[in-house]
Every structure is written in structure tokens, then in C-alpha cells.
Amino acid sequence: MDAWTPIWTTLRVGLAATLIAVPLGLVFAWLAAHWRFRFQRLVEALILLPLLIPGPVFGYCILMAFTTTGPFGFATRYGIGSPVLFSETVAVLAAVIYTAPFVALLATRAFRDIQPAYFKLVAVLGIAEWRAFWHVALPLASKPLTAIAVVALARAIGEFGILLVFAPSLAGRAATLPWALFYGIYSPGDVSKALLWFAASTTLALLLLAIAARIRGMGRML
């Protein structure tokens with residue numbers, strides 16, 4: 001395997017997953033922070049669930065979902081399931097599952113830190129809830145939310161627990177940095193490359209954390 005392939009694959013997967021996970025996380029955070037509805041506790045529990053359950057459990061669920069007897073078994077029967085399961089698509093899906101709850105958890109705090117007076121004014125003016133989200137909440141919380149998005153990218157590129165279930169079949173298709181490092185350590189021909197992959201993973205994580213801290217302001221990360 002080429003030494004640089006996992007780096008480019010990781011960047012593609014991480015960016016794609018972040019673009020999906022951040023909007024999903026913000027929607028869940030807004031619901032948790034400012035809406036009161038019957039099943040709110042259930043929604044909050046679902047947000048926390050991927051943070052508490054081991055990654056391989058979700059990987060197994062994805063795998064079973066695309067078997068011939070699973071809910072998406074028709075995709076496998078028509079030749080869609082296998083390419084999806086053993087491609088970058090499943091890597092992006094895994095990173096989204098791993099990252100969206102993290103975004104939701106941190107963004108909920110950011111939304112709750114906004115002064116309630118703004119939302120009372122919005123209610124008095126009769127402004128729709130979705131407009132309050134777009135034109136009040138997002139601008140007022142722009143700094144922490146941008147920092148959260150950057151940290152989410154760092155989290156997305158580091159996902160491996162879910163992919164562990166698919167790892168033996170991902171070589172040459174979705175070889176992300178965590179996958180490549182894991183197998184490079186135990187492959188005699190890839191030990192030297194593993195050093196590069198280790199350095200790349202560490203550098204990316206530290207760089208993104210530094211960017212997030214810079215956006216948020218010195219002294220506070222989020």
C-alpha cells in the first residue's frame with residue numbers, strides 16, 4: 001500500500017463525515033436546548049448512545065443491516081450492499097455515527113449559553129423557530145460552533161472502532177490512517193510507513209485542536 005494513500009483517504013472521509021455530522025449534531029442540539037416535546041428525554045438518550053456503546057457494536061449492526069436477511073438486504077441482493085460495505089462510504093457512515101453525537105453534546109451547551117432574552121424577544125416579535133435558529137442562535141454562537149466543527153473533523157478522522165468490524169476487507173478501498181497504522185504495526189513491510197502514519201495522525205489532531213483553540217479564544221477550548 002502506498003504510504004500517502006491513507007492520508008488522502010482520511011482527509012476525504014473526515015471532511016465528508018464532518019459536512020454531514022455537524023448539521024445533524026446542530027439540529028439535535030437545538031432540539032435538546034430549546035424545544036420541549038414529549039420524547040425529549042428519548043432524543044437526548046439517543047444522542048448519548050453512540051458515545052457510550054463500543055464502536056464495534058455499531059459496526060456489527062451496520063454489517064447485519066446489509067446482509068440478505070437484514071433491513072437493507074435488498075441492496076445486497078441487487079449488488080449494492082457489498083460495494084457500500086467495503087468502501088469509503090462505510091468509513092464516512094462510521095465517522096458520522098462517531099462524530100454527530102459529539103457535536104450535539106457540545107453544541108447543546110453553546111446554545112444554552114446564549115442569553116434567554118434574545119429568544120424572548122424573538123417570541124414577542126412572532127419570528128418562526130427556524131428563523132430564530134438561523135438568524136439568532138447560529139450567529140450568536142458562531143465562535144464556539146466553528147471550534148466544535150473543527151474538533152469534530154479531528155474526531156472524524158480518528159474513528160476506528162466501528163471500522164474494526166470491516167477492517168480485514170478495507171485494504172485499498174477505505175484505508176484510513178487509524179486502519180493503516182493498526183495493520184502497519186504488525187506488517188513487516190509497513191513498519192517504516194507506520195511511523196509516517198503515526199506522525200500524520202498526531203500532527204493532524206494537534207493542528208486541528210490548535211485551530212479550534214484559536215477560534216474559540218485563548219483560555220477556553222469550547
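Taking the stretch 2-56, which residues are part of a helix (DSSP H, G or I), farther than 23 Å from residue 136 by Cα and small (Gly, Ala, Ser)? 14, 16, 17, 45, 55 - these are the residues of the stretch 2-56 that are part of a helix (DSSP H, G or I), farther than 23 Å from residue 136 by Cα and small (Gly, Ala, Ser).
Restricting attention to the stretch 155-212 and to residues that are surrounded by 16 or more Cβ atoms within 10 Å (Cβ to Cβ), among the β-branched types (Val, Ile, Thr) and at pLDDT 80 or above, the residue that is nearest to the chain's Cα centre (by Cα) turns out to be 157. Among the residues in the stretch 67-87, are any closer than 30 Å to residue 210 by Cα and modelled with pLDDT of 65 or more? No.
The values are calculated or read from the model by the stated rules, or taken from the named source; none is laboratory data. All values reported here derive from a predicted model rather than from experimental measurement. Glycine also receives a Cβ, built like all others from the backbone with ideal geometry; neighbour counts cover every protein chain displayed.
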